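The values are calculated or read from the model by the stated rules, or taken from the named source; none is laboratory data. Note that the coordinates shown come from a computational prediction; the quantities given were computed from them, not determined experimentally. As a convention, Cβ positions derive from the backbone with ideal geometry for all residues, glycine included, and neighbour counts pool all protein chains shown. Ligands, DNA and RNA are stripped out before the accessible areas are found, and what is left, the full protein with its side chains, is counted by its heavy atoms. Shrake-Rupley method; radii C 1.70, N 1.55, O 1.52, S 1.80 Å.
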Amino acid sequence: MNSTVKVVPLERVPTPLLAVLVGTLDDKLPTSLLSLDELLGDALSRAVAQRDFTGERDSTQLFYAPRGPRRVLLVGMGKLTEITRGAVRRAAAVAARRAIGLGVDSIAFHVPHEFRGGVTPETLGQVLVEGAMQGAWQFNALRAAGEKKPPLKNVELIAAREERPEMDRGRTIGQAIAIGHKLARNLQALPGNICTPEYLANVARQLAKAYGFKVTVMNAAQLQREGFGALLAVAQGSVQEPRFIVLEYRGAGREAPICLIGKGITFDSGGISIKPSEKMDEMKYDMSGAAAVLGTFEMLGQLKPPVNVVGAIPATENLPSGSAIKPGDVVRSHFGKMIEIVNTDAEGRLILADALSYVRRFKPACVIDAATLTGAVVIGLGHHASGLMGNDDQLIEEVRLAGERAGERCWPLPLWDEYREQNKSDIADVKNSGGRPAGSITAGWFLREFVDGFPWAHLDIAGTAWTDKDQPPMAKGPTGVGVRLFSEFILGRVRG
Ligand code: BES
Ligand code: MN
Ligand code: ZN
């Protein structure tokens, strides 16, 4: 997909679809839309006067023009006080979904100044492109036949002359993030028989080749030598060999890197502690954290910001078999602590423990992990926020604010000392499940046992990584959560 900023009167934009994003309207059109209204024979003002279109959130109204834009789509963003970068992104996504439905391959956006809220031209450029690509996303790679809508090829942002350079800067950022977001969703959508640990490693290798990153992929023998006992324990029930994938982006010389870790369970059956079969297919999404890290590296390659970032992905399947780990088994982690595996379905924390231990060698400025870690976080926060934990309140707040800007909410859960007790093992240093009470927090505490020497934040994305119902701005399926949050976090640090 290509995106551009254009300075051209609305009534003369040569596009199959012009989306005009507006807030709630009383009964009058803002003056900046009057010439467009004239082109449409007053159809806009009549739709507004008759209150067929009021500008409420997610509402749309389509018009046909005799010349200039072939179609005009009014898209509602809700009350003026509610127009934020999130509202603009959402409306852009709603419009792009409509564009795909109509089968057009090009869309132009305009947001009249009356409806900008406090959103700057730069941010506007960014979130319009992010929203457009979010709404236009389709996954057809595994369909041999049947209906396929043409992809969206062109996104045009209609600007006033004086705001053009700023909007274009935002457009560049938005496009880089959107390409990463799309990669993450495409990877998430792939089933476990295709998206294996080696497949994820190949994606990392391709990114490294395309953008000049350093990449390291460890196989089982190397993991053995390096002492990745917890990752190997999870992997031992599968015929798919595990991988530990490390990507290094260097944009700022010798500065301490930001380190991102993503859970890469390419399928989670639960292992010997097997899951119920209902909806078990959704456990192909258990590599969503890994997808978020890979998507973020695509953004880095596109944008090349002055910062250092390390991405680390422990990748394996979790399957039952004659060689699988059993409840009660004790293994030695990379960190050195002995872990009693009381539940083989609490595998994510095992592979993350080794990753958290390994990244100490990079002397990171901070470490953030993203993982579809617990069903409990879905009970606690539902599908509207990721769980956020860590060992550093300042970092936690920085991550929360990045999520706010990204439209990927997260909410803090406390890692109070009292919860730590639940992970005490009778025979080893720690056990991998603290039982049902506060399941997301005890999982967070388990990870913390393997954190040493850096500020760390953990995102439990089990409730936000995919959606099982179609929503106005987002098709059913993978959400690509994490890419935008990581990107905002990184770019926020660059801005200082
Ligand atoms: N991948 C799952 C968590 C999950 C559940 C993600 C539902 C998305 C939706 C994780 O590996 C898991 O199985 N966690 C267990 C932990 C328990 C055994 C302590 C859980 O949450 O039930
Ligand atoms: Mn599990
Ligand atoms: Zn899992």
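If only the Cβ of Lys and Arg carry +1 and only the Cβ of Asp and Glu carry -1, the dipole of the range 1-91 around its Cα centre is close to 400 debye.
Of ALA160, LEU62, PRO16, which is farthest along the charge dipole of the range 2-160 in the positive direction, counting Lys and Arg as +1 and Asp and Glu as -1 at C-beta? Toward the positive end, the furthest listed residue is PRO16.
Considering only protein heavy atoms and a probe of 1.4 Å, how much of the accessible area of the chain is carbon and sulfur, as a whole percent?
On the way: 9770 of 19810 Å².
That fraction is 49 percent.
Of the residues GLN222, VAL399, LEU373, the one whose Cα sits farthest towards the positive end of the charge dipole of the chain is GLN222 (charges of +1 on Lys and Arg Cβ, -1 on Asp and Glu Cβ, taken about the Cα centre). When its C-alpha radius of gyration is set against 2.2 N^0.38 Å (N residues), the range 335-426 gives a value of 1.19. Sorting the Cα pairs of the range 1-42 by distance into bins of 5 Å, from 0 upward, gives 5, 15, 27, 26, 13, 9, 3, 1 percent per bin.
The angle between the Cα long axis of helix 85-102 and the longest principal axis of the Cα atoms of the chain comes to about 80 degrees, rounded to the nearest 10. Using equal-weight Cα scatterers in the Debye expression, the normalised intensity of the range 390-435 in log10 at q = 0.20, 0.29, 0.33 Å⁻¹ is -0.73, -0.98, -1.13.
Treating only the Cβ atoms of Lys and Arg (+1) and Asp and Glu (-1) as charged, compute the dipole magnitude of the chain about its Cα centre; round to the nearest 20 debye.
Details: 58 positive and 55 negative charges, 260 e Å.
So the dipole magnitude of the chain works out to roughly 1240 debye.
Across the range 2-160, the mean sequence separation of Cα contacts (distance under 8 Å, 6 or more residues apart), normalised by length, yields a relative contact order of 32 percent. Taking 0.36 nm per residue of separation and subtracting the Cα-Cα distance, full extension of the segment from SER32 to LYS79 would add 15.1 nm.
Per-residue ellipticity at 222 nm for the chain, helices alone: DSSP H runs ≥ 4 residues times -39500 (n - 2.57), over residue total, nearest 500 deg cm²/dmol?
On the way: 15 runs with 176 residues, N = 496.
Theoretical 222 nm ellipticity from helices: -11000 deg cm²/dmol.
Here the chain is treated as a Stokes sphere of Kirkwood radius computed over C-alpha pairs; at 25 °C and 0.890 mPa s its diffusion coefficient rounds to 105 µm²/s.
May I ask you to derive the FRET efficiency for GLU226 and ASN193 from their Cβ-Cβ distance with R0 = 25 Å, giving the value to the nearest 0.05? Could you put the intermediate results ahead of the total?
Working: r = 28 Å, r/R0 = 1.12.
E(calc), rounded to 0.05, equals 0.35.
The long axis of helix 197-211 is offset from the longest Cα principal axis of the chain by roughly 50 degrees. Taking a point 7 Å out from the Cα of SER323 in the direction of its Cβ, the residues of the range 236-267 whose backbone N falls within less than 18 Å of it are 236-244, 266-267. Given the range 252-332 reduced to its alpha-carbon atoms as identical point scatterers, what log10 I(q)/I(0) does the Debye formula return at q = 0.16 Å⁻¹? After summing over all Cα pairs, the log10 values are -0.73. With a Förster radius of 45 Å applied to the C-beta separation of ALA252 and ASP281, the computed FRET efficiency comes to 0.60.
P(r) for the range 2-160, from all Cα pairs and a bin width of 5 Å, is 2, 10, 20, 23, 21, 14, 6, 3, 2, 0 %, short bins first.
Taking all protein chains together and a 1.4 Å probe, the residues GLU408, GLU166, GLU248 rank GLU166, GLU248, GLU408 from largest to smallest accessible area.
Expressed as a rounded percentage, what relative contact order does the chain have, with Cα pairs under 8 Å and six or more residues apart? Numbers along the way, then the final one.
On the way: 1204 pairs, mean separation 70.7, N = 496.
Reported relative contact order: 14 percent.
When Rg and Dmax are taken over the Cα atoms of the range 372-496, they come to 15.5, 51 Å. Projecting the alpha carbon convex hull of the range 115-234 along each direction and taking the average yields 11.9 nm².
Once the 1.4 Å probe is applied to the protein heavy atoms, the chain comes out at 40 Å² accessible per residue.
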